[in-house]
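A.B. asks: Just passing along the structure, written as structure tokens.
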Amino acid sequence: MQVLIDNFGLILDGFVKTLWLLLFAGLIALVLGTLLVALRVSPVAVMRAVGTSYINVVRNTPLLLIVYLFGALFPVLGYTASISSYIDYSFITATIALGMYAAAFVCEALRAGINSIPVGQAEAARSLGMTFGQSMSTVILPQAFRAAIPPLASTYIALAKNTSVALAIGVTEAAFAMKKLNNEYATGRSWIFFGFAVGYILIVWAIAAFAHGLERQAGKAR
Amino acid sequence: MSDVQTRDSPDRTDSNLVSLRQVDKWFGDLHVLQDINLDIARGEVVVVIGPSGSGKSTLCRTINRLEPIDKGEITLDGQPLPQEGKELARLRAEVGMVFQSFNLFAHKTVLDNVMLGPTKVRKRGASEVKQQAMQLLERVGVEAQANKYPAQLSGGQQQRVAIARALAMQPKVMLFDEPTSALDPEMIAEVLDVMVGLARDGMTMVVVTHEMGFARTAANRVIFMDEGKIVEEETPEEFFTNPKSDRAKDFLGKILKH
Ligand SMILES: Nc1ncnc2c1ncn2[C@@H]1O[C@H](COP(=O)(O)OP(=O)(O)OP(=O)(O)O)[C@@H](O)[C@H]1O
Ligand SMILES: [Mg+2]
């Protein structure tokens, strides 16, 4: 117990960084996942193939491997930018890797949402003269997002926990802090695990509560 | 809808608004449309009738290319239907469509359903569009429901909103695919009344329906389809009282029994 109190600042810093990872990677995943799903359901065969390939490659590759790959690849490509000492090179790399990984799952959650919308909705949109893009953005996606809230929540919960993989390339997020404490304290490890577990559980709980709120909001407008 | 004996016969000297030339379509091995030739004049109301699976919906849906065809040509106001893309979207805006299952946008209010086409597709200003949308809702008698969501309306109300939504685009022709088949009997008349009104105002209409009352009141021509072919084309009076083909006789015998 004492170990948690003594290192509260370190633990908090770790979780703050975890939250930043979650936020930025989550935004990337949302934007990229939406674009991917537009490819996946596009009337153009080539676009569908691109979308499907992305999903198949990214979803079937272990996240750790993707993070390592990006960590190794970017310097080779001559990219080692960092925005500040806090948002440093490894943080940016991990954010992009996590975002691109989660995007595949966001895409599939949205696709399930789209498939749950009756085809008549798209037919009505098209028969009004809407282009594919207009029908997607004004008719299909708003409804698909609602239908996709539960699977999206699962995706974001998984992403919250997956941010811990960033420790592999030295991002000082929560799991990194936990590893550090475990190295420094031979005793009290159960407390350390317990403390960090509570931290992650709180984040997951917040995501679930947010999703629940969104669902209720969406339920009202019907 | 009783006093309509004389509908002005449509202007056949003008070029046809919709024209199908030797149209064929297959679903896999199923030859759903077989050598269809059909001309629809400006202001004409054509009722399409026939047994289930005869290709009525498919025919209707080829006219705005919701179903692409495999052979032949379809022209709308002289223009051949373009391939999928912006050009097709522009043409579709000229063709109103009313579905059996209404297909109102579930996440939008009634008013927004009617406004969406004009604002998004025609890019017209919201205030002007809103005024026009309210007039249309009044015309179909659902103005009191403007701020409700589709799920809060009865089937008959939803279908009338769907008609208003299509009219908001000021289409050249309206397609109806069994607009009253999903409705409870007491709501059928309120939808048919709106359609009769449209016909009287000179709208060009293609209507897939088994409502003989509507056909007799509002149609210039009845087309009887069977197994992907147009078997008979007649005035409603002639078709219902004196069908020529055995298949039409057989079909009418069946629906008249009910
Ligand atoms: N998307 C599709 N794929 C394969 N077959 C189809 C498809 N749509 C329709 N069909 C088949 O084509 C035939 C004609 O269908 P269509 O819906 O045009 O008939 P219909 O005359 O409108 O019948 P109903 O009165 O039942 O609505 C039917 O046998 C139907 O099963
Ligand atoms: Mg049909």
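A.B. asks: Output needed: percent of Cα pairs per 10 Å distance bin for the protein assembly as shown, bins running from 0 to the one holding the longest distance.
C.D. replies: The calculated distribution, bin by bin, is 4, 16, 22, 19, 13, 10, 8, 5, 2, 0.
A.B. asks: Another one. Run the helix sum for the protein assembly as shown: -39,500 (n - 2.57) per DSSP H stretch of 4+ residues, divided by residue count, reported at 222 nm to the nearest 500 deg cm²/dmol.
C.D. replies: Values: 20 runs with 260 residues, N = 480.
Mean residue ellipticity, 222 nm, calculated: -17000 deg cm²/dmol.
A.B. asks: Let me ask another. Would you mind getting the Kirkwood hydrodynamic radius of the range A:8-118 from its Cα pairs, rounded to one decimal in Å?
C.D. replies: Roughly 15.3 Å, rounded to one decimal.
A.B. asks: Sticking with this one: Counting other beta carbons within 10 Å of each Cβ, put B:MET187, B:MET174 in order, fewest first.
C.D. replies: On the way: B:MET187 18, B:MET174 23.
Sorted ascending by nearby Cβ count, the order is B:MET187, B:MET174.
A.B. asks: Can you sort B:THR119, A:THR61, A:THR95 from fewest to most other Cβ atoms within 10 Å of each residue's own Cβ?
C.D. replies: A:THR61, B:THR119, A:THR95
A.B. asks: What number results when the radius of gyration of the range A:2-221, computed over Cα atoms, is divided by 2.2 N^0.38 Å?
C.D. replies: Ratio of Cα Rg to 2.2 N^0.38 Å: 1.17.
A.B. asks: Additional query: Name the most mobile residue of A:SER127, A:SER42, A:SER164, meaning the one with the largest mean-square fluctuation, in a Gaussian network model of chain A with Cα contacts below 10 Å.
C.D. replies: Greatest mean-square fluctuation among the candidates belongs to A:SER127.
A.B. asks: What are the radius of gyration and Dmax of chain B, computed over its Cα atoms and given in Å?
C.D. replies: Using the Cα atoms of chain B, the pair Rg, Dmax is 18.0, 55 Å.
A.B. asks: Straight-line reach from B:LYS249: which lysines fall under 20 Å, measuring Cα to Cα and dropping same-chain residues less than 8 apart?
C.D. replies: Filter leaves B:LYS56, B:LYS229, B:LYS257.
A.B. asks: To the nearest 20 Debye, how big is the dipole of the protein assembly as shown about its Cα centre, given +1 on the beta carbon of each Lys and Arg and -1 on that of each Asp and Glu?
C.D. replies: 1420
A.B. asks: Here is a follow-up. Rank A:VAL76, A:VAL16, A:VAL204 by mean-square fluctuation in a GNM of chain A with C-alpha springs under 10 angstrom and give only the top-ranked residue.
C.D. replies: Of A:VAL76, A:VAL16, A:VAL204, the Gaussian network model singles out A:VAL76 as fluctuating most.
A.B. asks: Tell me, rounded to the nearest percent, the portion of alpha carbon pairs in the range A:124-222 spaced more than 23 Å apart.
C.D. replies: Roughly 51 percent, once rounded to a whole number.
A.B. asks: Another question, then. Hey, what's the Cα Rg ratio for the range A:59-98 versus the globular rule of thumb, 2.2 N^0.38 Å? Please list the in-between numbers first.
C.D. replies: On the way: Rg = 10.4 Å, N = 40, 2.2 N^0.38 = 8.9 Å.
Relative to the 2.2 N^0.38 Å estimate, the range A:59-98 comes out at 1.17.
A.B. asks: Which lysines, on any chain, are close to A:LYS161 with Cα under 28 Å apart, when same-chain ones fewer than 8 places away are left out?
C.D. replies: A:LYS17, A:LYS179, A:LYS180
A.B. asks: Mind checking the angle between helix A:149-162 and chain A's longest principal axis? C-alpha axes, 0 to 90 degrees, to the nearest 10.
C.D. replies: Compared with the principal axis, the helix lies near 30 degrees.
Since every read-out is calculated from the coordinates, none of them should be taken as a lab result. Predicted, not measured: the structure shown is a model, and the values here were computed from it. Backbone-built Cβ (ideal geometry, glycine too); neighbour counts: all protein chains shown.
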